[in-house]
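Here is the structure we will look at.
Bear in mind that the values in this text are calculations on the coordinates, not laboratory data. The shown structure was predicted, so the numbers you read here are calculated from the model rather than taken from an experiment. We place every Cβ from the backbone using ideal geometry, glycine too, and count neighbours over all the protein chains shown.
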Amino acid sequence: MQGKVLKNKSGLTEEQFLAAYDASRFESPSVSVDMLIFTVTDEEKESYRKLPEKKLRLLMIKRGEHPFIGQWALPGGFVQMDESLDDAALRELKEETNIENIYMEQLYTWGDVGRDPRTRVISVSYMSLVDNSTLDIKASDDADDVKWFTVSCRLFQEQKTVTEKGYVLQRLFRLNLSNDENNLSAMVKIVKTVEGKVTKVEREVVESDGIAFDHAKIIEYGIERLRNKIEYTDIAFNLMPELFTLTELQKVYEVILDTELLKANFRRKITDMVIETNEYTKDAGHRPSKLFRFNPNWTSISE
C-alpha cells in the first residue's frame, strides 16, 4: 500500500516544492579546504657516532596570487560544486604540491566572518602525518613555491582569572616556522571561558609575520590536536619506516610533544604497539640495535 503524499502549508508535494525552489533566496558562502601535512625529519649529523636529531616539519606553499601574495599558506583551495570535501582536499593537494594517495583526517571547520578578504569563506581543515622520504614535492597551480618548515609552538604567556561561575584562562602561544630561506612567526591567543558545565574556546591571531589568512591559528590548533592524539592513537607510526628502533620511535614522540620522555616509561607505554623482529641496524659507529615494526592489532590488545 502506498503511503499518503505529504504536502506543506502551501499545498505542495516535495517534488513540486523542489521544482519551484529558489536557491538564490539565501546568500551562499564559499567553502574551501586547507591541509596540514606534518612530517618528522632528521637533522644533519654532527658526528656519525651520534643519532641525528629529529625535527617536526609542516608543508607550506608560497602564494602566487592576491590576497597575501608572497606570503606562505597551507595547501588548499575552493571546493567545487560536484565534489565532496575529501575529494576537494585530495585534488588541491595534488594540484599544489604533487602529493597524492595519502591518508588525511578532518580536523576542524573555520567560519569567522572576516577570515578571508575576498568573500565569506568557510574552511574545513585536514591533517595528515607522512613519511616525507616517499613524497615527490613540486609546486604547481597558483603556488609559487612549496617547502617544508620546521615548526615550533610554545606557550608564551598564561593568565587565569576566577569568575563567579567559573574561570577565564587566557594563553598566548608563539608559533615559529623556519627553513634555510624563510622565518615566519605568529602569536595566537586562546581564551577558554568556563561557566559551570559550559566551556567556550576562542582563538585569535594577534600577530602574524609571513603567514597568510588565519592559518597561524589553524596550525596552532593542528599541533595541539596532534599532541593529544599521539597520546592515545597510533598516528605517530605514519611517520615511521616499516622497521625502526625504539629509540627512533621515542625521538619522534619527543619532537611532537616537545618534551623529553623517560625511556622506561615510554617503552612500557608502547610495548603493545610494536612487534620485535630478528633484524638489527647496521649503522657504522653504533652498536647494532634491534628493529621493531608496528603491531596492527594493538588496539584490540589494549581494549
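Remarks
- Listed by chain and number, the aspartates and glutamates whose C-alpha is less than 13 Å from the C-alpha of residue 189, apart from same-chain residues fewer than 8 away, are 158, 202, 204, 207, 214, 220.
- Net charge contributed by nearby residues that have their C-beta within less than 13 Å of residue 168 (K/R +1, D/E -1): +2
- Sequence-ordered 3J(HN,Hα) estimates for segment 162-170 from the Karplus curve with 6.51, -1.76 and 1.60 and θ = phi - 60° stand at 7, 10, 4, 9, x, 7, 10, 10, 10 Hz, glycine and proline given as x.
- The value given for the chain is a Kirkwood hydrodynamic radius of 22.3 Å, derived from the mean inverse Cα-Cα separation.
- Sorted from longest to shortest, the spans of the Cα atoms of segment 143-185 along the three principal axes equal 52, 20, 10 Å.
- Pairs from the list 55/197; 62/269; 138/192; 55/217; 54/290; 62/160 with a Cα-Cα gap above 31 Å: 55/197; 62/269; 138/192; 62/160.
- Taking N as its residue count, the alpha carbon Rg of segment 1-133 over 2.2 N^0.38 Å: 1.60
- Listed residue (119, 74, 155) projecting farthest to the positive dipole end of the chain, Cβ model: 155
- For segment 240-302, the equivalent ellipsoid derived from the Cα gyration tensor has semi-axes of 19, 17, 10 Å, listed largest first.
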